[in-house]
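J.: Have a look at this one before I ask anything.
The values are calculated or read from the model by the stated rules, or taken from the named source; none is laboratory data. Here the structure is a predicted model, which means the values were calculated and not measured. Positions of Cβ are backbone-derived with ideal geometry, glycine not excepted, and every protein chain shown enters the neighbour counts. Surface accessibility is based on the protein's heavy atoms, side chains included, excluding ligands, DNA and RNA. Shrake-Rupley method; radii C 1.70, N 1.55, O 1.52, S 1.80 Å.
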Amino acid sequence: SSIDVTNDDNFWAMSKNGVFVSSGKQTFDSLCVQCHLPSLRGKGENPAAVGPDLTDTAWIHGGTPKEVYHTVATGVLAKGMPAWEPVLGQKKVAEVVAYILSKHQQGEPIAVQVSP
């Protein structure tokens with residue numbers, strides 16, 4: 001069964017489902033912590049970290065769930081962020097997004113910041 005990766009509500013529902021969040025955390029902990037740190041806070045915790053903070057409400061590439069999915073799926077090669085969808089597949093990427101969103105509230109303000 002494929003996941004509708006264009007539907008923000010689907011991602012928010014996944015972010016409240018412990019199975020998806022736990023699976024997403026496992027993937028995050030094995031692949032994403034090198035740049036975003038185990039806390040997901042990245043540069044917010046340690047300026048030397050490669051990846052940005054994923055727990056605040058400032059987003060460089062858009063903070064709606066479908067935009068976060070797109071960033072993880074297609075990568076940001078200029079910043080050293082790989083395209084994960086070809087490696088992981090759609091379901092695992094969606095689970096990682098659910099894990100990230102589990103640290104957020106639906107409807108919170110989203111600020112798009114220009115990356116330094």
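J.: Run the quick spin-label model on THR74 and VAL114: label points 7 Å from Cα toward the beta carbon, then report their separation in nm to one decimal.
T.: Placing both labels 7 Å along Cα→Cβ, they lie 2.1 nm apart.
J.: For the chain, what % of the accessible area comes from carbon and sulfur atoms, probe 1.4 Å?
T.: 58
J.: Search the structure for amide H atoms under 5 Å from the amide H of MET81, placed 1.01 Å from N in the peptide plane, and list their residues when 5 or more places away or on another chain.
T.: VAL76
J.: Take the chain, compute every pairwise Cα distance, and split them into 10 Å bins from 0; I just need the percent in each bin.
T.: Computed distribution, short to long bins: 15, 52, 32, 2, 0.
J.: Now a separate question. Among the aspartates and glutamates, which have Cα under 14 Å from the Cα of LYS66 when same-chain residues fewer than 8 positions away are ignored?
T.: ASP4, ASP8, ASP9, GLU85, GLU95
J.: Now a separate question. With no solvent and one equal point scatterer per Cα, compute the Debye intensity ratio I(q)/I(0) for segment 16-71 at 0.14, 0.23 Å⁻¹ and report its log10, rounded to two decimals.
T.: Taken in order of the listed q values, log10 I(q)/I(0) reads -0.39, -1.01.
J.: Count charges around VAL72 for me, please; just the other residues with Cβ under 13 Å from its Cβ, Lys/Arg as +1, Asp/Glu as -1.
T.: +1
J.: Sequence-distant or interchain residues sharing an amide H contact under 5 Å with TRP59, placed H: which?
T.: Here the answer is ALA111, VAL112, GLN113, since their amide H atoms fall under 5 Å of that of TRP59.
J.: Per residue, how much accessible surface does the chain expose to a 1.4 Å probe? Answer in Å², no decimals.
T.: 54
J.: Give me the net charge for the shell around SER102: Cβ to Cβ below 10 angstrom, other residues only, Lys and Arg +1, Asp and Glu -1.
T.: Around SER102, the charge tally is +3.
J.: Find, among the trypsin sites (Lys or Arg not before Pro) in segment 43-116, those assigned to loop by DSSP (not H, G, I, E, B) with at most 14 other beta-carbon atoms within 10 angstrom.
T.: Of the trypsin sites (Lys or Arg not before Pro), the ones in loops of segment 43-116 whose Cβ has at most 14 other Cβ atoms within 10 Å are LYS103.
J.: Hey, rough spin-label estimate for THR6 and ASP29, points 7 angstrom out along Cα→Cβ, what's it come to in nanometres?
T.: Taking the simple label geometry, THR6 and ASP29 are separated by 3.5 nm.
J.: Considering Cα pairs under 8 angstrom that are at least six residues apart, work out the relative contact order of the chain and quote it in whole percent.
T.: 36
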